[in-house]
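J.: Take a look at this one; I'll ask things after.
The values are calculated or read from the model by the stated rules, or taken from the named source; none is laboratory data. None of the values given here were measured: they were computed from a predicted structure. With ideal geometry, Cβ positions are generated from the backbone for all residues, glycine too; neighbour counts draw on all protein chains shown. Surface areas here come from the heavy atoms of the whole protein model, side chains and all, with no ligands, DNA or RNA. Shrake-Rupley method; radii C 1.70, N 1.55, O 1.52, S 1.80 Å.
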Amino acid sequence: MRWFWIDRFESFVSGKEATALKNVTFSEEPLDDYLPGLPHYPNSLIIEGMAQTGGLLLSEIQQFQQRVVLAKISRAEFHRIALPGDQLRFTVNLQSLQADGAIVGGSVNVSGELQSKMEMTFAILDESFGEQPFFPAANLLRILRIMRLYEVGVDSSGNRLTIPQHMLDAEVEEDGMPGE
Amino acid sequence: MVQIAEEIFQKVQVALVDALGVENEEVTPEATMVGDLGAESIDFLDIVFKLEKAFGISIPREELFPDDVLTNASYIKDGKVTETGIAELRKRLPWADLSKFAQNPRVQDFGNILTVADLCRYVETKL
């Protein structure tokens, strides 16, 4: 099973905010057994989707060369369940950024209706936690392309984001050719 | 008796209850952040953020956590902060009550000296 709980970015402003979409389908395994009789997409995975959206927003600031982990869910309020056929729109914004971590706030809407609100703390790991990246750069770039990050992403001045050279190099090294 | 402004204390209390999931009654002026309230290092990021929002202030990390002093070899001997080091800490953290720590200033204990009252007095210096 893939561990990606957003499908694509809809907008992305470097170091500031992002929106991402997740389509809930009946064919997804997590809906089967979570609450028999009422198949719905678990709120815990919605938290994970928010963490992935926020974590990517945070990681992009240093061109995905820092290791970022979800450290704490400070608040999570849910107002309705997510059902097959729903499209979840994750909106995250970076509220505070320090050298060792960050606070990200966000909400999820379904057809304009508030589904949930969250606030989470991320830790930015230093070298005392080792130096290996969590995701090989080429793999991560493949995922970011699928999520269309570089198709919609802009910097704070509105200029289109470019793919970091180290990721392109890693891709060439692995595949022998760039992905686009 | 610890003297702190009630209005400041109340806002700090709200921030700590929110950030640490503790009860109002647990947040007393004398409570230590780590030992009594169970704050972990990542919680301080959250606490600082909430205090900045509540009071409209900016809190540089080094003002609350003088890591550079505690890792400076000239201030440390045999795992303890030297008298010069204590003097430096008092200069850097005039709002903190270091009297108890100074009696047996083991570096490893420093992380647990910060109390709610210290935090209130620190915030007061920023207003």
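J.: Looking at the range A:85-103, which residues lose a minimum of 20 Å² of accessible area between their chain alone and all protein chains in place, measuring with a 1.4 Å probe and not counting ligands or nucleic acids?
T.: A:Q95, A:S96, A:Q98, A:D100, A:I103
J.: Averaged per residue, what accessible area in Å² does the range B:6-126 show with a 1.4 Å probe, protein chains only?
T.: 51 Å²
J.: Further, regarding this structure: At the nearest 100 Å², what buried accessible area, both sides summed, do you get for B and A when the probe is 1.4 Å?
T.: Summed over both sides, the interface buries about 1000 Å².
J.: Check A:L161: other-chain or 5+ apart residues with amide H under 5 Å from its amide H, H built from backbone geometry?
T.: A:G153, A:V154, A:D155
J.: What nm value, rounded to one decimal, do you get for the distance between B:V34 and A:T25 when each label is placed 7 Å out toward the C-beta?
T.: Those two pseudo-labels are separated by 5.0 nm.
J.: Now, a different point. With +1 on each Lys and Arg Cβ and -1 on each Asp and Glu Cβ, how big is the dipole of chain A about its Cα centre, in debye rounded to the nearest 20?
T.: Details: 14 positive and 25 negative charges, 122 e Å.
Once rounded to the nearest 20, the dipole reads 580 debye.
J.: Using modelled backbone amide H atoms (1.01 Å from N, in-plane), which distant-in-sequence or interchain residues come within less than 5 Å of A:R67's amide H?
T.: Amide H neighbours of A:R67, under 5 Å, 5+ apart: A:L125.
J.: Report the one residue of B:S41, B:V123, A:T53 whose Cα lies farthest in the direction of the positive end of the charge dipole of the protein assembly as shown (charges on C-beta: Lys and Arg +1, Asp and Glu -1; origin at the Cα centre).
T.: B:V123
J.: Let me ask you something else. Label-point separation (nm) for A:S156 and B:A5, each offset 7 Å from Cα along Cα-to-Cβ?
T.: A separation of 3.1 nm, rounded to one decimal place.
J.: Partner chain Cβ atoms within 10 Å, averaged over the residues of B:41-48 - can you pull that number for me?
T.: Across the residues of B:41-48, the mean count of other-chain Cβ atoms within 10 Å is 6.
J.: Evaluate E = 1/(1 + (r/R0)^6) for A:S128 and A:A76, where r is the Cβ-Cβ distance and R0 equals 30 Å; express this FRET efficiency to the nearest 0.05.
T.: 0.55
J.: Show me A:122-130, A:136-144 ranked by packing, highest mean number of other Cβ atoms within 10 Å first. Before the final figure, lay out the partial values.
T.: Values: A:122-130: 14.0, A:136-144: 17.7.
Most protected by this proxy first, the peptides run A:136-144, A:122-130.
J.: Sequence neighbours fewer than 8 away in the same chain don't count; with that in mind, list the aspartates and glutamates whose C-alpha is under 20 Å from A:K117.
T.: The reachable aspartates and glutamates, counting only those whose Cα sits under 20 Å from A:K117, are A:D7, A:E10, A:E17, A:E48, A:E77, A:D86, B:D18, B:D43, B:D46.
J.: From the phi of every residue in the range B:90-100, what ³J(HN,Hα) in whole Hz does the Karplus formula 6.51 cos²θ - 1.76 cosθ + 1.60 yield, where θ is phi - 60° and glycine or proline is x?
T.: These are the phi-based 3J(HN,Hα) values: 5, 5, 6, 10, x, 7, 8, 8, 9, 4, 5 Hz.
J.: Would you grab the residues whose amide H sits under 5 Å from the one on A:K72? Only those 5+ places off in sequence or on another chain, please, with H modelled 1.01 Å from N.
T.: Amide H neighbours of A:K72, under 5 Å, 5+ apart: A:T121.
J.: If you don't mind, there's one more thing I want to ask. So what are the ³J(HN,Hα) numbers for the range A:22-35, from phi and the Karplus equation (6.51, -1.76, 1.60; θ = phi - 60°), rounded to whole Hz, Gly and Pro as x?
T.: With the stated coefficients, the range A:22-35 comes to 9, 8, 8, 10, 5, 7, 6, 4, x, 7, 5, 10, 4, 9 Hz.
J.: I want to check a number: in the range B:1-101, how many lysine pairs have alpha carbons closer than 17 Å, given a sequence separation of 8 or more or different chains?
T.: Details: B:K11/B:K50; B:K11/B:K53; B:K80/B:K100; B:K91/B:K100.
Taking the Cα cut-off of 17 Å, the pair count is 4.
J.: The range B:109-127 to the range B:1-44: how many Å between their Cα centroids?
T.: 10 Å
J.: Please list, by residue number, every one of the trypsin sites (Lys or Arg not before Pro) in the range A:1-73 that is coil in DSSP and has at most 15 other beta-carbon atoms within 10 Å. Before the final figure, lay out each step's value.
T.: Details: sites: A:R2, A:R8, A:K16, A:K22, A:R67, A:K72; in loops: A:R2, A:K16.
In loop regions of the range A:1-73 (DSSP not H, G, I, E or B), the sparsely surrounded trypsin sites (Lys or Arg not before Pro) are A:R2, A:K16.
J.: Whenever you get a sec, line up B:E30, A:E10 from highest to lowest accessible area (probe 1.4 Å, protein heavy atoms).
T.: Descending accessible area places them as B:E30, A:E10.
J.: Same structure, new question: Write down, largest first, the equivalent ellipsoid semi-axes of the range A:8-128 in whole Å, where each equals the square root of 5 times an eigenvalue of the alpha-carbon gyration tensor.
T.: 27, 15, 13
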